[in-house]
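Contents: one structure, followed by commentary.
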Amino acid sequence: MNEDYHVPTSAPLYECEYCGRPFARERFRALHRGLEHASELDDEEVERFRDAYREEEESIGMFRLKALAALVVVYFGLLMIYAVV
Amino acid sequence: MLRRRAVAVVALAVLAVGRATAHGGSLAQDIREPLTIPTWLFLSTGGAAVGASFLLASFVTDRELIDAIHDWRRGAAVPGRRVAVGLLRAAGIAGVALVVVVGYFGPTDARSNAAILLVWVGWWAGLSMSAYLLGNSWSVLNPWRTVAELLPALDLRYPDRLGAWPSVVGLLALVYLEVVSPLAENASLLATTVVAYSAVTLIGAVAFGPSTWFGQVDPPARVFRYYGRVAPLSSDGDGLTLRLPGMALSERRLVDGRDEVAFVLALLWVTTFDGFVSTPAWRGLAGPFVGLGIPPLGVYLLALLLGFGLFWSLYVLAARLSRSTAETFLTPAALAARFAPPLLAIVAGYHFAHYLDYFLGLAPALGQTLAAPLTARSTVLVLSMPGWFGGVAMASIIVGHLLAIWVAHAAAYDLFPGRLQAIRSQYPFIAVMVVYTMTSLWVISQPDIPLPYL
């Protein structure tokens, strides 16, 4: 598995203590631990997973709004172009 | 020009759906009709459809739902499996014998020659469709494999570093041969090609053992195996497993390494190349090179290789960019391998659009000539498809893309811990898919001309 990863020496690194996978953000490591090693975690790690998950939930909400806006723009944009051409 | 007709059909198919006015043109006619909307708008609509499907897929962020869809499966034992396998193997051997005999001694007219119809209509169109719609039966039917397993194997060591590269070269070579030579019109040439292919294949299979040869080197075996991954049915030793179509494409390690990624990209490129060489744009592009005194066959080869290089480097570039959009330490090679299988759904969609009408139209002729293969006849049964049939072709291109986007979405969720991270990882790949789609749509919106300079 590890030949699939390449970590630049200057980058901040968060390694999973259970499987050694490297992550670029603390948040990704917390999420990874909760998803892949759920049964092995201590209370603090579980809490960190929950926080990361909640935090992500908020940014997903924002992303959905943007995606919806993009869909509307594409749909009505094409509709208007078809009306003109 | 049996095969060229198929390309014209797709052009009409797309036109029929791509514009507002009703299109009642006959699908059998041999020219592409001009677009009534500007080409740029036609292409943008196609590209926008791919982008919009990605945005729609990104609304599904529930891991459990994605897993449930991908893990759903039903298994069933097949009664009389040994008999069925034996019959299929016998049919495969009978098929190749028929192609050789009828190729040399059958009627010279392509449309009434069972060898030509069996290879192009039965095998390349029909069997390929069955491989991605139902399941891969070529692994059993493959007559060369059946024979090779009866022969003694020398079991020479296959160099690991060669990997799938010989099959990449082989696929490009076979498609080149198919485009530049009259393999779809000249039955004895087709028979000679089959004999030559048999010799190479059997020697290779004896030298390295059938499982290595057909697993690594043989291009058709790899094409059918990859098509089979799109299909709902797969064989698991003594029974059949039913899954939702395309779901097997999200699995880990389905495509492993640079060589196998290159094969998927080669398969995607050759479907485009086939149509590209019969456009006026190609005539204009190739003209100066032919004028310089380069032999036309060389120009065709150059275009095949350069186009493949371009498709492939675009994909590799996407994998590199994905590393930064997803903020991951996974190598570009690992990302490229993980997101290559979804492209197979796109390839299947294009294949279906290209060949459905061709297959259904000529299937009666195939049946008729198979019943009496050595009889020369002046007419054969050819079905003409109704006008709405073009919609089926266009729909299959769209379904192929939807499936590819969904499967890539699921693979990203399997790979990345962050849900938004998974969505971001797809940005470069979606951009590349938009480019591939617009290229293919552009090719089929061009007028169809005979292959120039050949």
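The values are calculated or read from the model by the stated rules, or taken from the named source; none is laboratory data. Please read all numbers here as calculations on a predicted model, not as lab measurements. Please note: Cβ atoms are built from the backbone with ideal geometry, for glycine as well, and neighbour counts cover all protein chains shown.
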Checking the conditions here, which among B:L344, B:L306, B:L310 is modelled with pLDDT of 95 or more and within 16 Å of B:A408 (Cβ to Cβ)? B:L344
Could you grab me the full set of residues in the stretch B:71-108 that are surrounded by 14 or more Cβ atoms within 10 Å (Cβ to Cβ), out of contact with any Leu (no Cβ under 8 Å at 6 or more places or on another chain) and closer than 17 Å to B:L240 by Cα? B:R81, B:V85
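Let's see how each residue does on (1) facing chain B (nearest Cβ under 7 Å); (2) on the phi < 0 side of the Ramachandran plot; (3) in a helix (DSSP H, G or I):
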| site | (1), (2), (3) |
| --- | --- |
| A:G20 | no, no, no |
| A:H32 | yes, yes, yes |
| A:S39 | no, yes, yes |
| A:E44 | no, yes, yes |
| A:R50 | no, yes, yes |
| A:G61 | no, yes, yes |
| A:A69 | no, yes, yes |
Residue by residue through the stretch B:50-90, note down the ones that are touching a helix residue (DSSP H, G or I) at 6+ places or on another chain (Cβ under 8 Å), at pLDDT 90 or above and part of a loop (DSSP other than H, G, I, E, B). B:S58, B:F59, B:V60, B:T61, B:W72
Listed residues B:V255, B:V206, B:V200, B:V179; which is free of Cβ contacts under 8 Å to residues at least 24 places away in the same chain, out of contact with any Gly (no Cβ under 8 Å at 6 or more places or on another chain) and of a type in the set (V, I, T)? B:V200
Please enumerate the residues belonging to the stretch B:118-131 that are under 13 Å from the mean Cα position of the chain (by Cα) and more than 21 Å from B:V85 (Cβ to Cβ). B:W124, B:A125, B:M129
Condition check for B:A333: part of a helix (DSSP H, G or I), surrounded by fewer than 21 Cβ atoms within 10 Å (Cβ to Cβ), within 14 Å of chain A (Cβ to nearest Cβ) and in contact (Cβ under 8 Å) with a residue 40 or more places away in the chain: yes
